[in-house]
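Report on the structure given below.
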Amino acid sequence: IRSSPNPRYRQRLPGPLPPGLARWFPALEVLDVSGTGLAALGSELLSLPRLHTLLAKNNRLGGPGSLPKGLAEAPLLGRSLRVLNLSGNRFAELPAALLGLRGLQSLSLGSNRLHSIPPEIQELRSLEFLYLGGNFITSIPPELASLPSLSYLVLCDNKIQSVPPQLAQLHSLRSLSLHNNLLTYLPREILNLVHLEELSLRGNPLVVRFVRDLTYNPPSLQELAGRTIKSRNVSYTPGDLPGNLLRYLHLASNCPNPKCGGVYFDSCVRQIKFVDFCGKYRLPLMHYLCSPECSSPCSSASQSSTSQSESDSEDEAIVAAHRMQKVLLG
């Protein structure tokens, strides 16, 4: 059952879901009551044994009694419900009843009045998608890292000041949206998110600092000599070179870009992949490359992204240093 997409034709529901709904539609799987003015869902919801998707966006939910009593203990709904969207309502805290829906895979509570994320969020072990953007959240609980299947985490447009290093334990995370917060730094552990494809950071204080610290230090004469010897396979014997230079040559690291084949010692470019959702440029950063001119080997590794910016060509994905600032600050 879906309400009309046109707001002019949406039926207003003065009270909770009408009694008898489960009797009329015993096999109901998807229920969309978005934009109907609902202030409470009512106990009828508990009688829908096959419901797997509930959309109740842009209503007046959030007060006492908005959710039916016994929701968390409902034997049928607790197992069947997979997608729950309560965005655009008036919840000041994440309802405790939702934390008992252990089969939930997608939870959206964007544009509410949330000020915190309860540590009990870790109970939603099946969660893959969590949208909490557009609230007043100030911190991320470390317990969020206990969600083994979480792939998409949206915390944009909040008041978050830091990211706990425990978030690096979200090994399934592919997309992390943190734009328009109060972040001044990121923990180094964020680099351990090896499957991360999208990280949105625009609109944070750290962006200016990141661009400032991105300055590439040119390699020393010693490193230039070492790179030349290694990359051109210049032959030498231990007696040809000083001992300190021999030891230095053993410290060479191969550039991970298969198109490059170069080496680096101390001077390299650290790359983490950032995606700016509002612009049309992608910024691939995820490796230690030998120079700013060395294109990233992973620039075409994320074709599955659903961001609109993914439609751009690979030529635009490999951006020059002066355009990096435009992307990050845009």
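The values are calculated or read from the model by the stated rules, or taken from the named source; none is laboratory data. Treat the numbers as computed from the prediction; the structure is a model and nothing was measured. Cβ sites come from the backbone with ideal geometry, for glycine too, and all protein chains shown count toward neighbours. In case anyone asks, the SASA skips ligands and DNA or RNA and just uses the protein heavy atoms, side chains included. Shrake-Rupley method; radii C 1.70, N 1.55, O 1.52, S 1.80 Å.
All but one of (1) over 17 Å from Leu170 (Cα atoms); (2) open to solvent by 60 Å² or more (accessible area, probe 1.4 Å); (3) out of contact with any Phe, Trp or Tyr (no Cβ under 9 Å at 6 or more places or on another chain) hold for Glu120; state the number of the condition that does not hold.
Going through (1) over 17 Å from Leu170 (Cα atoms); (2) open to solvent by 60 Å² or more (accessible area, probe 1.4 Å); (3) out of contact with any Phe, Trp or Tyr (no Cβ under 9 Å at 6 or more places or on another chain) one by one, Glu120 breaks only (1).
Inside the range 25-131, counting only strands (runs of 3 or more DSSP E) that do not spill past its ends, which hold 2 or more residues that are in contact with an Asp or Glu (Cβ under 9 Å, 6 or more places away or on another chain)? Step through it out loud before you land on a result.
Values: elements: 30-32, 53-55, 83-85, 106-108, 129-131.
Qualifying strands (runs of 3 or more DSSP E): 53-55.
Which condition number does Glu143 fail, the rest of (1) part of a loop (DSSP other than H, G, I, E, B); (2) open to solvent by 10 Å² or more (accessible area, probe 1.4 Å) being met?
Going through (1) part of a loop (DSSP other than H, G, I, E, B); (2) open to solvent by 10 Å² or more (accessible area, probe 1.4 Å) one by one, Glu143 breaks only (1).
Applying the selection to the range 216-245, what residues are of a type in the set (A, V, I, L, M, F, W, C), at pLDDT 85 or above and over 43 Å from the mean Cα position of the chain (by Cα)?
Val234
Yes or no, residue by residue, for (1) within 19 Å of Val154 (Cβ to Cβ); (2) open to solvent by 60 Å² or more (accessible area, probe 1.4 Å); (3) at pLDDT 90 or above:
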residue: Gly37; (1), (2), (3): no, no, yes
residue: Gly70; (1), (2), (3): no, no, no
residue: Arg79; (1), (2), (3): no, yes, no
residue: Arg82; (1), (2), (3): yes, yes, yes
residue: Glu93; (1), (2), (3): yes, yes, yes
residue: Leu109; (1), (2), (3): yes, no, yes
residue: Arg113; (1), (2), (3): yes, yes, yes
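Could you grab me the full set of residues in the range 174-191 that are basic (Lys, Arg) and assigned to a loop (DSSP other than H, G, I, E, B)? Working first, answer last.
Of all residues in the range 174-191, those basic (Lys, Arg) come to 174, 188.
Result: Arg174, single match.
What number of residues within the range 173-201 satisfy the criterion of being modelled with pLDDT under 85, within 12 Å of Ile160 (Cβ to Cβ) and touching a Ser or Thr at 6+ places or on another chain (Cβ under 6 Å)?
0
Does the range 158-173 hold any residues that are open to solvent by 70 Å² or more (accessible area, probe 1.4 Å) and in a loop (DSSP other than H, G, I, E, B), and which are they?
Within the range 158-173, Lys159, Gln161, His171 qualify.
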